Every structure is written in structure tokens, then in C-alpha cells.
Amino acid sequence: MALAVEIQLPGNALTRDQTSLTPLIERAAAGDTAAFEQIMIHSQQRVMAMTWRMLGNDADARDASQEVFLRVYKHLARFRQDQDFFAWLYTITVNVCRDMSKKRKQHGDRFISLTADSGAEAFAVPADQDDADEVLEQTQQRELIAMAMATLPHKERASLILRDVEGISTDEVARIMQSSSTTVRSQISSARKKIKIYCELYLKRKERAR
Amino acid sequence: MNCQQVQELLPLYVGRDLEQTQAQLVAAHVESCSDCDGSLHEYRETRQLLHQFTPPQFSEGDYAGVRQRVLREIARESTAPTLRQSFASLFRPRLSWAAATALLLVVSVFAYYFIANRRDAQNGPRLVQHDSELDRPASPQEQPNHGPTPVSSRDEPKPSTVRGVHRSQRTKNSAAAVEPTRVAANKSLPAPVNDVFPGAGQSLELNVGPALDSSAAEKTLRMEMQTKDPNIRIIWFAHSPNKSGSPNKSLKGI
């Protein structure tokens, strides 16, 4: 039996960087675009990663990220200093991805083909994992998860990414999703079940094909 | 706790999303049940796969491109006029506004003139007074003995009373034309006087002298009354008393 190691990210990871952002947020809210650019630099990786996971391809991720930052700038005056900035940012990101999904009707086509779109070389491969078989396995696993995620409804996908990938607590996810903790737990439970069933079926099919 | 209950709770248990008491019950069951333990193992593997669901490494160029597009859009929106400015621009003085206002005034004046005239035409009869030379043969309204006698719509006309309305027909022989005129008027009689003259009750007195022959050059007073019916008009002719002192008949117009 293989040993599985659970990785639990700290739940308060979001609030760490906010103190350095507070003066920038105040200046940006007053119209200082240079300050707003600094805010973008602080949060661009998080936003691009989230949009890519939600939408499944580079082009949509860039467009969605652009829209996220535009909305942040437009509504920055409404942001209260006692709020968690990154939670607020995630809320906007989830909403933008939802709107974009609806507009482009990509709900069933979110699967990314790693060879066609980004290319396998775009994914970071650890230097000590030169074994081609291992790289291939990782690529296949990414592809499998991407396919599984594409089958999830928008809210379940967002809840799962925020909870299991970003490591945000269930209560915080509920605030980001503007929902209740009970609802978020139900969504996470359903999403994990579906991912597991999808992966099982896929691997069994593959096993039969061999 | 049975296997079915544990299977329902495993997705939350694997992510440490269960309450403590529930988590302890599930843990205790999993230790003693190989099937549920196997399911728990599969859930954990799937969660591991999620951590490999990482995005591609975006280059600094990708990030810079997004930032530049955002800043460009912000600059564009800041120079675009706000709703308030757009609204205020409508009220800046412009030649086109002056021309439009002038045109509106002209149209208003014409419309007022048109409506006012139309209203006057609809409101009862109006009197048009003429004081003109008589340049025509004797009118059928004029009779040798008692001047023009218009015909009432229902009654026999009384010689010296204007009751109804008749159409005047100009003929050379006024006396001979009286009867035909009456008949014609009877045949096409309009509504009773009261209907024709909504303001009935007012009377006009005219002096009408004897029929004039064509050679007469005396001044004649001519009174016209337009009724509600545009096809019907009452015309009175009156001329100044002649020197021979022939009696004048007075006519009452209703």
C-alpha cells in the first residue's frame, strides 16, 4: 500500500500580505494608478492561477485576469479596510470567471489539452525528476484532473479550488462565495466525490484498454 | 456508524471538514472496515492529484501585458466624459439649437393660426357685412312686393320673415326665380333653424327695398351669414330707401 501524505495549508495565508497593501489600496482608491499597478504586481500570480484553474486555458485566464483588475479598480473605493483584501479579490475573480463561462458557454469544454494549448514544457518540472516516464505520468495526471474539473458545475469547482488548492478555510470560502458554510461543505463534498469517481472510471478504462 | 453513513462522510473527513465528534466516529469505523479504508485511500489520492493541478508558468511578459492593458483601459475610461458631462454638453449654446428653436416658434405660430381659424369656423355662424354696389341682376331673394323671402325648413314662408336658409341662385328674372328657389330650397331643406343656428334668438333687421333692376346703381347693404353647414349661407340684401319713398320691408334674421 502506498503512503499518502496530506498537505494542509494554513488557513490564514490570505491575510499575511495585506498590511503592506493597505497604503497602496488607499492611494489607488484615490486614483493613483502607480499604486494600483503595485497592487496588481502583488496579486497577479494568485489571480492568473485562479482564473486558469477555473477557465482552463491561457487566453481565457489572461482576459479574465484583466477584467478582474478592472473591476477591482472600479470598486476599490467601496473596499473597507477591515475587509480581507485577498478574499475580496477572490470573490471578484470567481464572479468574473462565472460571467465569462456563461458568456462563452465553455462549461462543458473547459478541458485543456496540454499538448495543444500550453505545451507540456510550460509546466514546471522539478529538476530532480528527469525521468521521462515520471514527467509523462505527471502530465497525464494534470490532464486527468483538468478533465475531471471540467465536469464540475461552476460553484463546486470554485469551492474545491479555493479549499483544496488554495488552502482557504471553509468559513472563508463561504464568505468568498457569498454563501453559508453548510452550503460550501455540501459543494466541496459533492465535488470531491465526483473527482474521485471520474478518476476511478478513467483509470479503469485505461487499464482495460491495456 | 455503518458503512453507508461513513461513505457519505468520507469526502469531508479526508479534507478535515467534519466536526470533531463526527470525525472521531469515522476514524474509528475506518480502522475496522477495509472497504471504507480503501475508499478513504482513494479520496486521499484524488486530493493529491489536485495539488498537481497547477497552472503553467506565466512569463513576466504575460503579467506585464495584462497590467498594461488594464492601465490603458483605466486611462481611456478616465478621459471619457462622465454621464454628468455628457448631459451638460446638451445644454451648451449651439447654432443648431437656435435654429431648432426658431423653427419651433414658426411652426407654433402657424399651428395657432390654423387652429384658431378652424375653431372660429366651427363656432356658429359669422356675419360678414358688405356694403357694395349691386352689379348683378335681381336676386331671387328680391321680390317685387316684398323682397327676398327665404324658405323655412318646415313652414310656409312668411313674406317678410327670414326663417330658414335657402340657397341663392342668381337669375336675371328675380320674380320668376322666387318660386323655383323656394321649391329648390324645400327639396333640400336643411335641419330646422334651431339646429342650423345654434345661437338662434338673435335677430337682424334689414331694410329691404323693392327689387332692383339691373340698371339700378343704388348702394346695397349685403349681409352674409355662414351656417354650421358649410354649404349653406344666408345672404341678406338691403339697399338704401329710394327717393320715391316706396315702403321698405324689414326683415328679421334669426
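Below are the figures for this structure:
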read-out: Filter result (open to solvent by 30 Å² or more (accessible area, probe 1.4 Å) and more than 7 Å from every other protein chain (Cβ to nearest Cβ)) within the range B:63-77; value: B:Gln68, B:Arg72, B:Ala75, B:Arg76, B:Glu77
read-out: From the options A:Lys193, A:Lys155, A:Lys204, residue that is modelled with pLDDT of 90 or more and farther than 25 Å from A:Ala87 by Cα; value: A:Lys193
read-out: Residue among A:Arg192, A:Arg163 that is open to solvent by less than 30 Å² (accessible area, probe 1.4 Å) and under 15 Å from the mean Cα position of the chain (by Cα); value: A:Arg163
read-out: Test: residue in the range B:79-91 that is open to solvent by less than 60 Å² (accessible area, probe 1.4 Å) and within 14 Å of another protein chain (Cβ to nearest Cβ); value: yes
read-out: Breaking point among (1) in a helix (DSSP H, G or I); (2) closer than 29 Å to A:Glu137 by Cβ; (3) open to solvent by less than 60 Å² (accessible area, probe 1.4 Å), for B:Pro55; value: (1)
read-out: Leading residue by the ranking (nearest to A:Arg142 (Cα to Cα)) among those in the range A:41-61 that are in contact (Cβ under 8 Å) with a residue 12 or more places away in the chain and open to solvent by 40 Å² or more (accessible area, probe 1.4 Å); value: A:Arg46
read-out: Counted residues, the range A:170-189 - those being surrounded by fewer than 19 Cβ atoms within 10 Å (Cβ to Cβ) and facing chain B (nearest Cβ under 10 Å); value: 2
read-out: Considering residues of the range B:217-233 that are modelled with pLDDT of 70 or more and farther than 16 Å from B:Ala121 by Cβ only, the residue surrounded by the most Cβ atoms within 10 Å (Cβ to Cβ); value: B:Thr220
read-out: Checklist (1) of a type in the set (Lys, Arg); (2) surrounded by fewer than 18 Cβ atoms within 10 Å (Cβ to Cβ); (3) part of a helix (DSSP H, G or I) applied to B:Arg16, failing item; value: (3)
read-out: Matching residues, the range A:35-55, being among the small types (Gly, Ala, Ser) and at the interface with chain B (Cβ under 10 Å from one of its Cβ atoms); value: A:Ala49
read-out: So A:Ala64, is it modelled with pLDDT of 95 or more, surrounded by 21 or more Cβ atoms within 10 Å (Cβ to Cβ) and more than 9 Å from every other protein chain (Cβ to nearest Cβ); value: yes
read-out: Search result, residues across the range B:1-23 that are in contact (Cβ under 8 Å) with a residue 12 or more places away in the chain and touching a Phe, Trp or Tyr at 6+ places or on another chain (Cβ under 9 Å); value: B:Val6, B:Leu10, B:Pro11, B:Tyr13, B:Val14, B:Gly15, B:Gln22
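The values are calculated or read from the model by the stated rules, or taken from the named source; none is laboratory data. Everything quoted here is computed from the prediction, not taken from an experiment. Cβ coordinates were reconstructed from backbone atoms using ideal geometry, including for glycine residues, and neighbour counts include every protein chain displayed. Surface accessibility is based on the protein's heavy atoms, side chains included, excluding ligands, DNA and RNA. Shrake-Rupley method; radii C 1.70, N 1.55, O 1.52, S 1.80 Å.
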